[in-house]
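Working notes, beginning with the structure itself.
The values are calculated or read from the model by the stated rules, or taken from the named source; none is laboratory data. These numbers come from a predicted model, not from an experiment. Neighbour counts are summed over all protein chains in view; Cβ atoms, including those assigned to glycine, are modelled from backbone coordinates with ideal geometry. Just the protein is used for accessible areas: all its heavy atoms, side chains included, with ligands, DNA and RNA removed. Shrake-Rupley method; radii C 1.70, N 1.55, O 1.52, S 1.80 Å.
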Amino acid sequence: MSSLPINALDMATLVATRTLEKYAADYYPRRSQLTLNFRGDIAEKHQYDKITPLSQAQCHGGREVVIEGLSKKTGNTGHYRIECNGWNLIEIVGLWTEPAAPSED
């Protein structure tokens, strides 16, 4: 029996779903007790900052999971994209800026 290949869009949706479930079950309830790290390959770009989660996770476009968090380095709040990795751990994969609303010309 052969399985059908999973395209990139399907994989992104699967990762987003897994991330939402893992964050809601294991991270959000303990948000005041933990910090999230940036994924290893991008951590240096963010000076190895650690982020304290502040909000529930929201899915945008069915593929990006976003939380609001507090930077331990700067003390500023921001929005961060998160993903559940292969070891079933949540990590930050980048900053998120809300897409601009379409203009009404």
Check your understanding: How about the range 54-95: which of its residues are under 18 Å from ASP41 (Cβ atoms) and of a type in the set (S, T, N, Q)?
Key -> ASN85
Practice item. Considering only the range 14-56, state which residues are open to solvent by less than 60 Å² (accessible area, probe 1.4 Å) and either in a loop (DSSP other than H, G, I, E, B) or of a type in the set (Val, Ile, Thr) (or both). Key: VAL15, THR19, LEU34, THR35, ILE42, ASP49, ILE51, THR52, SER55
Check your understanding: Taking LEU14, is it out of contact with any helix residue (DSSP H, G or I) (no Cβ under 7 Å at 6 or more places or on another chain) and at pLDDT below 95?
Key -> yes
Review point. Do you know which of the residues in the range 57-70 that are surrounded by fewer than 17 Cβ atoms within 10 Å (Cβ to Cβ) and of a type in the set (Gly, Ala, Ser) is nearest to GLU21 (Cα to Cα)?
Key: GLY62
